[in-house]
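Each remark here refers to the structure printed beneath this line.
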């Protein structure tokens, strides 16, 4: 890419260009998130104008707009935003930490653990609502702990963690399949909707716990994530650079699992956001960095857009958002791959 | 992590040594496979005395229901289990070598999801009900999915590098699963049919299913068994492979064709049995080390042991009903897999 000129000024120029790119990527993604967020508050069964939305948020709405905005649209949009951030960040951390683009919480079993617990609750005990959320969170945490404990052998190697995760994931998937085939078809279909991830009927009961968790987890993850680039150089090199490798890795794993867990508890494992956000964020940042912040924003954008489309697709009411995240994010990632490839820079 | 050198990896190319451990291992695996296959014909949800089973072959009586049951139910079922197991194991081994990623398998790289999508479309829009009809839809789906994944990842200068294959596969998988779920949620009937296909099952497979997938799997197995050397050079990395005189693109296409044949036929016949393609090559790698010329024959034998063995267990534990093989391959395979991963130094690719 760069010519053979290695004088100082060209390095400075390259760095400056990198910074500009970083700022513009984060800025552009944030703008996109704000626009779609605003759209999902404005558009609905009845369009409420943006000034009215803003005055309602400021506490001066009519009874009608208060209900529609504050009780229906705002919690749903917030849930979409936060779930997207949580999955995007969690996926990016796992993929960077384990140095494998496929190693997102969906693939290595954390979301599967949450789903297995929730499906058991739905088809086994006929539970609904907040009880399912609690079960899902418990399932995610228990799976992660089991994974870490089983993979522990004088320290945890990323490779062994992945393999153990896959094993557990397969086991839990077979549990889910068993419940799905032994249940009534309608119950199983409810469970299918939950496993796909759905944002319909979200209210403050789901949003408030999610908000509190994210206020703690996101800054912690971003701060710990600053050394992810160094961990990527290999454990020994990172240790040589003064990174307390074992502690940082455990901290990051806990944060990433907690992020995936609380998000799954709120909406179900919105499929593929964690898997797709990281690669898309990295390919936008184009600087070889872990790109945690861009990935989080990409996650938020995917879920917000997907939910917006899901709500307004004709003929298919209540399409779970998870059905669309894959349908929207995946072609974008494929297109991105094809495009960067033909530029000769593909991974 | 300093593991003791495995005795198997000490097989030096000097010739005059005792029979290498890897050959003995292969013979043992073949023996176990025979035992499992025989058990699969002998035992089942319906209790048939051993003597009657022998009679079904030696003194076949077309009016005897038990004889017919053995010949028309258990035999094709066992054969389909053997074929599908071998196909999935080999496909997984090839995909892991091609993508140089231990997570690669027909499930994660979207091939099964492509087959599933086409079958759901078949059920929903073409009123497909018979398994022999599933085969063709599944096959087309798997082939298109592989072509898409391979096509996208081979655009550009370097061709289909491992990381591009992995990402394109995961993305395609995501898209197919989303579309499949979308179709399923609009139709309860399609979902009712699909959920039983989707867990992966050998039940009710007759000789028609065997004959419709047999040619594909046999050709796929042949290509696969001869591609060990190609895969070895590919695993060294593109630059090294080129330096060794390997035509990288052609090697990838040849092994890719094998994957399509194997996965498409197996998935169509038995449903997307997860985990076999992923785990069996890992286990084989722990025995043989990274040499694909040994990995392939081991996968060829170990995978059907898992599939047919799981099917036998599934028929016995829930008499008079049965548990689908896809559930048990994971339920039996995963703990073994985890124990192996934990207990030994894992061979990297």
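The table for this structure:
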{"read-out": "Pick from the range B:154-171, criterion in a helix (DSSP H, G or I) and at the interface with chain A (Cβ under 7 Å from one of its Cβ atoms), ranking: modelled with the lowest pLDDT", "value": "B:163"}
{"read-out": "Residue list for the range B:16-66, restricted to those being part of a helix (DSSP H, G or I), more than 30 Å from residue B:292 (Cβ to Cβ) and over 23 Å from the mean Cα position of the chain (by Cα)", "value": "B:42, B:50, B:51, B:52, B:53, B:54, B:55, B:56, B:57, B:58, B:65, B:66"}
{"read-out": "Residue match in the range B:207-220 (condition: part of a helix (DSSP H, G or I), under 21 Å from residue B:299 (Cα atoms) and either within 14 Å of chain A (Cβ to nearest Cβ) or under 12 Å from the mean Cα position of the chain (by Cα) (or both))", "value": "yes"}
{"read-out": "Check on residue B:112, in contact (Cβ under 8 Å) with a residue 60 or more places away in the chain, farther than 15 Å from residue B:281 by Cβ, out of contact with any strand residue (DSSP E or B) (no Cβ under 9 Å at 6 or more places or on another chain) and buried (at least 20 other Cβ atoms within 10 Å of the Cβ)", "value": "yes"}
{"read-out": "Count of residues meeting criterion [modelled with pLDDT under 80, assigned to a loop (DSSP other than H, G, I, E, B) and surrounded by 13 or more Cβ atoms within 10 Å (Cβ to Cβ)] in the range B:221-246", "value": "3"}
{"read-out": "Selected residue (criterion: farthest from residue A:187 (Cα to Cα)) from residues of the range A:101-123 that are assigned to a loop (DSSP other than H, G, I, E, B) and at pLDDT below 85", "value": "A:101"}
{"read-out": "The range A:107-156, subset surrounded by fewer than 16 Cβ atoms within 10 Å (Cβ to Cβ) and within 12 Å of chain B (Cβ to nearest Cβ), residue farthest from residue A:272 (Cα to Cα)", "value": "A:154"}
{"read-out": "Test: residue in the range A:29-45 that is loosely packed, with under 15 Cβ neighbours inside 10 Å, modelled with pLDDT of 85 or more and farther than 22 Å from residue A:306 by Cβ", "value": "no"}
{"read-out": "Among the residues listed as A:257, A:223, A:262, the single one being without any contact (Cβ under 8 Å) to a residue 24 or more places away in the chain, part of a helix (DSSP H, G or I) and either closer than 28 Å to residue A:76 by Cβ or over 13 Å from the mean Cα position of the chain (by Cα) (or both)", "value": "A:223"}
{"read-out": "Sole exception among (1) more than 10 Å from every other protein chain (Cβ to nearest Cβ); (2) modelled with pLDDT under 80; (3) assigned to a helix (DSSP H, G or I) for residue A:186, by number", "value": "(1)"}
{"read-out": "The range A:283-334 - residue that is more than 10 Å from chain B (Cβ to nearest Cβ) and out of contact with any helix residue (DSSP H, G or I) (no Cβ under 7 Å at 6 or more places or on another chain) and, of those, surrounded by the most Cβ atoms within 10 Å (Cβ to Cβ)", "value": "A:311"}
{"read-out": "Among (1) closer than 20 Å to residue B:38 by Cα; (2) within 14 Å of another protein chain (Cβ to nearest Cβ), the one test that residue B:273 misses", "value": "(1)"}
{"read-out": "Any hit, the range B:144-152, residues being within 7 Å of chain A (Cβ to nearest Cβ), part of a helix (DSSP H, G or I) and modelled with pLDDT of 75 or more", "value": "yes"}
{"read-out": "Residues satisfying the stated conditions in the range A:10-46, i.e. in a loop (DSSP other than H, G, I, E, B) and free of Cβ contacts under 8 Å to residues at least 60 places away in the same chain", "value": "A:45, A:46"}
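The values are calculated or read from the model by the stated rules, or taken from the named source; none is laboratory data. This one's a predicted model, so the numbers in the text were calculated from it and none came from an experiment. Cβ coordinates were reconstructed from backbone atoms using ideal geometry, including for glycine residues, and neighbour counts include every protein chain displayed.
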